[in-house]
1. Tally Lys and Arg at +1 and Asp and Glu at -1 over the other residues with C-beta under 12 Å from the C-beta of A65: what net charge comes out?
2. Take R5, R81, R94 and sort them by solvent-accessible surface of the protein heavy atoms, 1.4 Å probe, largest at the top.
Amino acid sequence: MPRRRPRPRRPEPPQRPLFGGHQQVEEWPDGDWVVRKLTGSTSTKPYRCPGCDQLIPPATPHVVAWPVDPSSFVGTGLDERRHWHNGCWRARDRRRRR
């Protein structure tokens, strides 16, 4: 009896990109991060900055960052993305760890 050839797998569809800004990978002491800088016009809702725990109002330029390698076994690094004030992101390695 002849063997059946396995069907070729379909490539997974690319993940939906976040809109606005340009993304790049930055190296930090705690790992590599994908960083996207958002302009004020693409920011439509408030976010809480993990650096200073203050709100980032809508229409405020800020940074969205997520780890290249996810820290959990479930999901992707995109599940761990956070919105930061520009200054908080730049100063995060000098901030005292809690």
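The values are calculated or read from the model by the stated rules, or taken from the named source; none is laboratory data. Quantities reported herein were computed from a predicted structural model and do not represent experimental measurements. So basically every Cβ, Gly included, is an ideal-geometry build from the backbone, and we count neighbours across all protein chains shown. What goes into the accessible areas is simple: the full protein's heavy atoms, side chains included, and nothing from ligands, DNA or RNA. Shrake-Rupley method; radii C 1.70, N 1.55, O 1.52, S 1.80 Å.
1. Values: positive: R36, K37, R81, R82, R90, R92; negative: E26, D30, D32, E80.
Charge balance in the 12 Å sphere: +2.
2. Working: R5 210, R81 80, R94 180 Å².
Ranked list, largest accessible area first: R5, R94, R81.
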